There are 2 protein chains.
Amino acid sequence: MANIRKPIRVIQYGMGPIGCAAVRAMLTRKQLELVAAVDIDPQKIGRDVAEVAAAQRRLGIAVLPTLADALKQTSADVVLHTTGSFLDSVTPQLTEILGMGLDVVSSTEELSYPWADHAQYADAIQRAALQAGKTALGTGVNPGFLMDTLPLALTALCLEVERISVARVIDAARRRLPFQAKIGVGMTREQFEAEVSSGRMGHVGLRESTAMLCESFGHSVDSVRESIEPVLAEADMQSGGTTVSRGRVIGVHQTLAAVCAGTEFVSCTFHAALEAVDEADHIEIAGQPPLRIDLHGTNGDIATVAILVNAIERVVAAAPGLKTMRDLPPVFRW
Amino acid sequence: MANIRKPIRVIQYGMGPIGCAAVRAMLTRKQLELVAAVDIDPQKIGRDVAEVAAAQRRLGIAVLPTLADALKQTSADVVLHTTGSFLDSVTPQLTEILGMGLDVVSSTEELSYPWADHAQYADAIQRAALQAGKTALGTGVNPGFLMDTLPLALTALCLEVERISVARVIDAARRRLPFQAKIGVGMTREQFEAEVSSGRMGHVGLRESTAMLCESFGHSVDSVRESIEPVLAEADMQSGGTTVSRGRVIGVHQTLAAVCAGTEFVSCTFHAALEAVDEADHIEIAGQPPLRIDLHGTNGDIATVAILVNAIERVVAAAPGLKTMRDLPPVFRW
């Protein structure tokens, strides 16, 4: 009897592509019970959650417009939150979730290590979590793992760490169209640069990952050097049924370096483009001993959905507060 | 003022090569204060700890024969324990340490995940830890990280895990002579096989690593297939100033596969030989998505010493009990 644990009761908050994939994944896990789903899209409200998520079976649960509506119908332990990247828009959702007495695992990139650039939101979420006695975690593949948690964990093997470099190369041709749109595929250089200027172009998370690494080693970040450049087609290319003309954008090349005490301590490169060669992640730690790590297979939405769903049990078991992946025992496929 | 933490007071227990290297490492860390060292070797007792460890400066602390002697002279928080690989001989030391009110980080390979093969020792250590309100951890590069914690942490990115394979290749020519002796360098095939038969040959830890992986995924291990084979010199070879003749042993090739529910779920290969090519660690996870990871630079005693010293602060902060690396937040270079 002692071995029979009740499943963890989960509410899915956000029924976009990642939320729907998370629903499909959770339906295969005995330890998790999906009890409700929330989305503001009128096209989804009222429809069966499994149908919206394109899952195999009907659940008999309709997508509801608010968390309060969901909690009128069911009790729950934790929310899997996948509605946006930025804390200015999602903080009210996160504090609402915590205030209703639920733990939360969120895909919000800025939540992965929010203190460096978003201390006021971090404080608000921390307060709400402690007041409710609940836990909040922001995680994902990147930020959340490849450029922060994993390099940090590898330094367990180092007596000294002088510099950390991480490079992520993604072949965008193998990713879904919204991802391609996000990295500017098909734009002119001018359109791309206008997006960069308005802050709407570029991968979200490099700031958070580098801040976690620097601060973990006791280094304060003096300055940050960031660049976001378009990758341009050298010849006409096919993508998703349409042609990208020579000279148009096929992706983004983004770098961020954090300077601590006068030297570049962390540098991250994010390169995502159609037909990028050598799709892989590379981590180099200059130190004693020097380490080099190459990973293959981490790309795509599968890994993002996996780490969100896999984190649920660690978050439910964690002490109250706003946590990062650095604070929790290793998340793994339960 | 709130930021000024007192250093953690550490006793080094065991002044062999790893213990001495740990002493040198700890002397460079502001967060750690080495307050005593213990060893049973009459050649070391009474001598200055720093001199025995070949550290640059004198400490004014003599090596003492017992932990009780050390605690008559000083208070401490934690013991770094590096006296042996096997729980049958070190369990009394570990329960003594815990009974004296100290946390302990140990290099004992069998402690890294002791429940599968050594439940009675694990229970005794767990009881002693809980009774004292203190924490015990067994860690190291392997076991402790490369074949257990790291593959487990990588499965965070997986929706499904079908099989895990880890291979570690070490060029023994770059390791110290005691390591070469341990893997049989210079022996005849017959001598090597006699050592295998008597249980004195082979890397300790594959059982522990595979057990941690299998049990983390809820799989019980039906059976284990293990082989320990000599690697033989194809021609006369130079090593450490002496010649190894053609046909003599230059290293070990060891494999262990754990079968769960009729299929091989985990397989580990440990290959350590003079002039082994492609020194590296390889992790393959068959699953959704499939992952492949190659690491370079993890070999040598530096990494072993690093993970032991780096683990100290996590262990001091941990809840009481016998813990494994799976239970603690990621160890990193503090």
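The values are calculated or read from the model by the stated rules, or taken from the named source; none is laboratory data. Predicted model, so just to flag it, every value in this text is computed and none were measured. As a convention, Cβ positions derive from the backbone with ideal geometry for all residues, glycine included, and neighbour counts pool all protein chains shown.
Out of segment A:86-123, which residues are surrounded by 18 or more Cβ atoms within 10 Å (Cβ to Cβ) and at pLDDT below 95?
Within segment A:86-123, A:116 is the sole residue that qualifies.
Name the one entry in B:257, B:306 that is under 30 Å from residue B:195 (Cα atoms) and under 23 Å from the mean Cα position of the chain (by Cα).
Answer to the selection: B:257.
Residue A:17: over 28 Å from residue B:216 (Cβ atoms) and touching a Lys or Arg at 6+ places or on another chain (Cβ under 8 Å), yes or no?
yes
All but one of (1) surrounded by fewer than 17 Cβ atoms within 10 Å (Cβ to Cβ); (2) in contact with a strand residue (DSSP E or B) (Cβ under 7 Å, 6 or more places away or on another chain); (3) basic (Lys, Arg) hold for residue B:9; which doesn't?
Condition not satisfied by residue B:9: (1).
Scan segment A:264-296 for residues that are modelled with pLDDT under 95, of a type outside the set (A, V, I, L, M) and out of contact with any Asp or Glu (no Cβ under 7 Å at 6 or more places or on another chain) and jot them down.
A:278, the sole residue that qualifies.
Mind listing just one residue for me: the one in segment A:284-334 that is more than 9 Å from every other protein chain (Cβ to nearest Cβ), over 19 Å from residue A:148 (Cβ atoms) and in contact (Cβ under 8 Å) with a residue 24 or more places away in the chain and, of those, surrounded by the most Cβ atoms within 10 Å (Cβ to Cβ)?
Filtering segment A:284-334 for residues that are more than 9 Å from every other protein chain (Cβ to nearest Cβ), over 19 Å from residue A:148 (Cβ atoms) and in contact (Cβ under 8 Å) with a residue 24 or more places away in the chain, the one surrounded by the most Cβ atoms within 10 Å (Cβ to Cβ) comes out as A:312.
Could you list, in sequence order, the residues of segment A:130-157 that are among the polar types (S, T, N, Q), out of contact with any strand residue (DSSP E or B) (no Cβ under 8 Å at 6 or more places or on another chain) and at the interface with chain B (Cβ under 10 Å from one of its Cβ atoms)?
Selection gives A:149 alone.
Which of the residues belonging to segment B:260-283 are within 15 Å of residue B:161 (Cα to Cα) and either touching a helix residue (DSSP H, G or I) at 6+ places or on another chain (Cβ under 9 Å) or facing chain A (nearest Cβ under 7 Å) (or both)?
Selection gives B:260, B:265, B:266, B:267, B:283.
Looking for something within 14 Å of chain A (Cβ to nearest Cβ) and either buried (at least 19 other Cβ atoms within 10 Å of the Cβ) or among the β-branched types (Val, Ile, Thr) (or both) - is there at least one such residue anywhere in segment B:236-255?
no
Just to be sure before I move on: is residue B:211 outside any strand (DSSP E or B), buried (at least 17 other Cβ atoms within 10 Å of the Cβ) and not basic (Lys, Arg) in the structure I sent?
Against the criterion (outside any strand (DSSP E or B), buried (at least 17 other Cβ atoms within 10 Å of the Cβ) and not basic (Lys, Arg)), residue B:211 qualifies.
Hey, residue B:247 hits all of (1) outside any strand (DSSP E or B); (2) within 23 Å of the chain's Cα centre (by Cα); (3) at pLDDT 95 or above but one; which does it fall short on?
If we test residue B:247 against (1) outside any strand (DSSP E or B); (2) within 23 Å of the chain's Cα centre (by Cα); (3) at pLDDT 95 or above, just (2) comes out false.
Quick check, is residue B:200 touching a strand residue (DSSP E or B) at 6+ places or on another chain (Cβ under 9 Å) and among the basic types (Lys, Arg)?
Taking the combined requirement at face value, the residue does not satisfy it.
Restricting to segment B:59-81, count the residues that are under 21 Å from residue B:305 (Cβ atoms), at pLDDT below 95 and either surrounded by fewer than 15 Cβ atoms within 10 Å (Cβ to Cβ) or small (Gly, Ala, Ser) (or both).
Total meeting the criteria: 0.
Going through A:160, A:190, A:195 one at a time, which residue ends up being out of contact with any Leu (no Cβ under 8 Å at 6 or more places or on another chain), within 14 Å of chain B (Cβ to nearest Cβ) and of a type in the set (Asp, Glu)?
Selected residue: A:160, the only one of A:160, A:190, A:195 that is out of contact with any Leu (no Cβ under 8 Å at 6 or more places or on another chain), within 14 Å of chain B (Cβ to nearest Cβ) and of a type in the set (Asp, Glu).
So how many residues does segment B:74-87 have that are more than 16 Å from the chain's Cα centre (by Cα) and either without any contact (Cβ under 8 Å) to a residue 40 or more places away in the chain or part of a loop (DSSP other than H, G, I, E, B) (or both)?
Qualifying residue count for the region: 4.
Anything in segment B:12-58 that is in contact (Cβ under 8 Å) with a residue 60 or more places away in the chain, crowded, with 17+ Cβ neighbours inside 10 Å and either more than 22 Å from the chain's Cα centre (by Cα) or away from chain A (no Cβ under 14 Å) (or both)? List them, or say none.
Those that are in contact (Cβ under 8 Å) with a residue 60 or more places away in the chain, crowded, with 17+ Cβ neighbours inside 10 Å and either more than 22 Å from the chain's Cα centre (by Cα) or away from chain A (no Cβ under 14 Å) (or both): B:12, B:13, B:14, B:19.
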